[in-house]
Amino acid sequence: MNWLYVEELRNHIGEEVELRGWVWNMRSSGKIHFIQFRDGTGFVQVVVESSSNKPEVFERSSKLRIESSVIIKGKVMEDKRSPYGVEVHAYDVIPVQIPDEPYPISKKDHGIDFLMSYRHLWLRSRRQFHILKVRDAILTAIRQFYKDRNFTLIDTPIFTGAIGETAGNLFELDYFDYGKVYLTQTGQLYLEAACLAFGKVYNLGPTFRAEKSKTRRHLIEFWMHEAEVAYYEHEDNLKLQEELVSYIVKYVLQNAKDHLLALNRDISKLEKVEPPFERITYDDAIKLLQKSGSHIQWGDDFGGDEETMIASNFEKPVFVTHYPRKVKAFYMQPEPKRPEVVRCADLLAPEGYGEIIGGSQRIHDYQLLLERLEEFNLPKEKYEWYLDLRRWGSVPHSGFGLGIERTVAWICGLEHIREAIPFARTLYRIYP
RNA sequence: UCCGGCGUAGCUCAACCGGUAGAGCGGGUGGCUGUUAACCACUAGGUUGGGGGUUCGAGUCCCUCCGCCGGAGCCA
């Protein structure tokens with residue numbers, strides 16, 4: 001007997017197959033059962049007819065209920081009445097487990113609190129299935145993009161002594177006798193070290209921000225992809241980013257289009273995403289905002305509304321470059337002719353999804369970096385290794401970080417980032 | 001942390017000016033050979049988030065605590 005997955009059935013019409021999976025819904029008309037079946041690769045309808053089956057087979061299948069696990073033996077039939085194009089006519093139904101209690105997630109609406117409490121079961125629902133399949137495609141695309149360009153994957157540590165961004169948003173832990181360490185906010189400083197050894201490097205992993213953020217675009221634990229390249233300056237950095245983002249979107253359209261369509265995503269907006277992306281300076285962004293009626297002043301950072309307003313002027317993602325150095329991190333390279341701004345860029349996604357990338361050229365001069373550490377009140381001794389990178393073989397270098405969940409939310413068209421990760425860690429939720 | 005809203009059956013919600021708790025889904029029983037959130041009939045299911053107060057009477061009004069949702073700040 002040939003054990004097949006649902007995703008393979010279209011190529012096996014007329015064959016007798018075995019399916020192993022779960023019942024996500026049951027309908028019955030007395031002498032005919034319709035089992036809505038899923039196996040982790042897709043969904044298909046299984047038909048069990050009383051007239052063409054042994055009585056015990058039909059009897060066994062009547063006992064199935066939602067989220068029973070079951071092995072089906074049957075024949076694959078083409079059928080235009082089925083939304084999937086094929087269905088399986090069963091001649092044997094073997095229950096693996098039949099639940100004693102009703103399945104908590106019903107076919108009708110649920111509130112988000114209830115669903116998040118049952119996230120471990122909610123993952124089985126079709127919408128969540130499609131979202132996480134797109135997430136998987138995005139992560140595969142990132143790895144493939146760097147493999148094609150011969151970058152080296154460098155896994156950066158989760159425990160860190162040095163601070164990447166700003167203090168105050170760090171999760172603090174006791175590390176034996178050493179004292180306090182922090183959960184990483186970014187692997188960037190370590191990638192900078194690695195890029196001076198390997199030239200072109202990237203990472204992909206979880207990061208943590210102890211921010212009491214309560215918005216649709218924040219998680220406490222989120223995944224970030226970062227890249228860092230030696231000898232890259234500002235414009236090289238932007239080019240890499242627009243190529244990466246375009247590659248991801250194209251890859252998803254080629255490999256996970258059905259999932260996007262199942263999510264009712266407007267594909268036409270994603271099809272426009274290809275290099276080059278527009279670049280707009282912070283100065284011009286401020287003018288644009290003021291023209292639209294905002295009271296923002298030069299020197300202010302943007303909030304979610306400002307980002308949405310700026311991005312709404314563009315169909316593709318847009319770079320906002322050269323922010324005032326006071327609103328950005330200590331390591332960013334100043335623009336030589338205008339030292340009050342830095343060589344950085346945020347990439348804003350269209351359709352109100354906000355910042356998906358933050359990047360910059362890094363300071364490579366020892367003296368300047370030392371001044372900035374003092375200016376930001378960072379303890380020099382913890383950064384000695386980072387200063388070493390400017391003592392030996394220092395070169396201009398640039399990099400960026402891309403938020404995975406925000407990218408998933410944008411590409412899938414989600415209303416809230418909590419659906420973009422299998423088990424979201426939000427402000428007051430750690431269960432399940 | 002601040003601002004706003006909500007908390008009634010397992011779930012999603014209703015209940016007028018304060019007058020004594022109701023529907024759909026889910027569950028159970030029965031029916032139905034093409035269902036698509038199947039349908040039809042019957043049926044079980046409630047200390048209205050906790051505590052206190054006002055009142056002849058509180059799901060409804062007041063105080064307080066807890067929980068959740070939305071937004072702001074911060075940020076990817």
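Here's how it looks for A:THR281: its modeled amide H is under 5 Å from those of A:THR321, which are all 5 or more places away or on a different chain.
Accessible surface comparison of A:THR186, A:THR281, probe 1.4 Å, protein chains only, largest first: the order is A:THR281, A:THR186. Residues whose amide H falls under 5 Å from that of A:ARG425, counting only those 5 or more places apart or on a different chain, are A:ILE220, A:GLU221, with hydrogens built in the peptide plane.
Stretching the chain fully between A:HIS295 and A:ASN2 yields a gain of 98.8 nm (0.36 nm per residue, less the alpha carbon separation). Working note: 222 nm ellipticity from helices only, DSSP H runs with n ≥ 4, each -39,500 (n - 2.57), summed and divided by the residues of chain A, gives -9000 deg cm²/dmol to the nearest 500. Taking 7 Å steps out from each Cα toward its Cβ at A:ASP305 and A:ARG279 produces label points 3.1 nm apart.
Accessible surface of A:ARG429, taken over heavy atoms with a 1.4 Å probe and every protein chain present, rounds to 50 Å².
Report, in debye and to the nearest 20, how large the dipole of region A:1-100 comes out about its Cα centre when Lys and Arg carry +1 and Asp and Glu carry -1 on their Cβ. Don't skip to the end; give the middle numbers.
Numbers: 13 positive and 15 negative charges, 61 e Å.
In total the dipole reaches around 300 debye.
The mean sequence separation of alpha-carbon pairs under 8 Å and at least six residues apart, normalised by the residue count of region A:119-420, gives a relative contact order of 20 percent. Using heavy atoms of the protein chains and a probe of 1.4 Å, the accessible area assigned to A:MET116 is about 10 Å².
Could you work out the local net charge near A:ILE131, counting Lys and Arg as +1, Asp and Glu as -1, over the other residues with Cβ closer than 11 Å to its Cβ? Can you show the working numbers first?
Details: positive: A:ARG126, A:ARG127, A:LYS133, A:ARG135, A:ARG265, A:ARG418; negative: A:ASP136, A:GLU405, A:GLU419.
In short, +3.
Straight Cα distances below 20 angstrom link A:LYS107 to the lysines A:LYS63, with same-chain residues fewer than 8 positions distant left out. Residues in chain A average 49 Å² of solvent-accessible surface per residue, probe 1.4 Å, ligands and nucleic acids excluded. Per residue, the average separation of C-alpha pairs within less than 8 Å and at least 6 apart gives region A:43-98 a relative contact order of 47 percent. For A:HIS397, the residues whose amide H sits under 5 Å from its own are A:TYR231, A:ARG362, ignoring neighbours fewer than 5 places away on the same chain, with H placed 1.01 Å from N.
Need the full-extension length gain, A:ARG149 to A:ASP174, defined as separation in residues times 0.36 nm minus the C-alpha distance. One decimal, nm. Present the calculation step by step, with values, prior to reporting the outcome.
Details: separation 25, 0.36 × 25 = 9.00 nm, distance 3.96 nm.
Result: 5.0 nm gained on full extension.
Between A:HIS110, A:HIS259, A:HIS234, the GNM of chain A built on Cα springs shorter than 10 angstrom shows A:HIS110 fluctuating the most.
Just to be sure I understand: of the beta bridges DSSP finds with both ends in region A:6-97, what percent are antiparallel, rounded to 5?
On the way: 30 of 33 bridges.
Counting only bridges with both partners in region A:6-97, antiparallel ones make up about 90 percent.
How big is D, in µm² s⁻¹, for chain A by Stokes-Einstein at 20 °C and 1.002 mPa s if Rh is the Kirkwood radius over C-alpha pairs? Diffusion coefficient, whole number: 87 µm²/s.
Which pairs break 26 Å Cα to Cα here: A:LYS180/A:LYS380; A:LYS239/A:LYS337; A:LYS54/A:LYS75; A:LYS214/A:LYS269; A:LYS133/A:LYS272? Beyond 26 Å between Cα atoms: A:LYS214/A:LYS269. Each Lys or Arg adds one and each Asp or Glu subtracts one; over the other residues with Cβ under 10 Å from the Cβ of A:ALA262, this totals +4.
Given the options A:GLY304, A:GLY293, A:GLY42, state which has the largest fluctuation in a GNM of chain A using a 10 Å cut-off (strictly under) for Cα springs. Its mean-square fluctuation being the largest, the pick is A:GLY293. For a straight C-alpha distance cut-off of 17 angstrom, the aspartates and glutamates reachable from A:LYS316 (same-chain residues fewer than eight places away being disregarded) are A:GLU242, A:GLU243, A:ASP266, A:GLU271, A:GLU274, A:GLU278, A:GLU306, A:GLU307, A:ASP346, A:GLU351, A:GLU355. A simple rule links phi to the HN-Hα coupling: the Karplus curve 6.51 cos²θ - 1.76 cosθ + 1.60 with θ = phi - 60°, which for region A:17-32 gives 9, 10, 10, 10, x, 9, 8, 9, 6, 10, 10, 9, 10, x, 10, 9 Hz, with x for Gly and Pro.
Share of carbon and sulfur in the accessible area of chain A stands at 50%, probe radius 1.4 Å. Summary value for region A:346-432: 30 percent relative contact order, contacts being C-alpha pairs under 8 angstrom separated by 6+ residues.
The values are calculated or read from the model by the stated rules, or taken from the named source; none is laboratory data. Not measured: the values here are computed from a predicted model. Using ideal geometry, Cβ is built from the backbone for each residue, glycine included, and neighbour counts are taken over all protein chains shown. The protein model used for the area step is the full one, side chains on, heavy atoms only, and it has no ligands, DNA or RNA in it. Shrake-Rupley method; radii C 1.70, N 1.55, O 1.52, S 1.80 Å.
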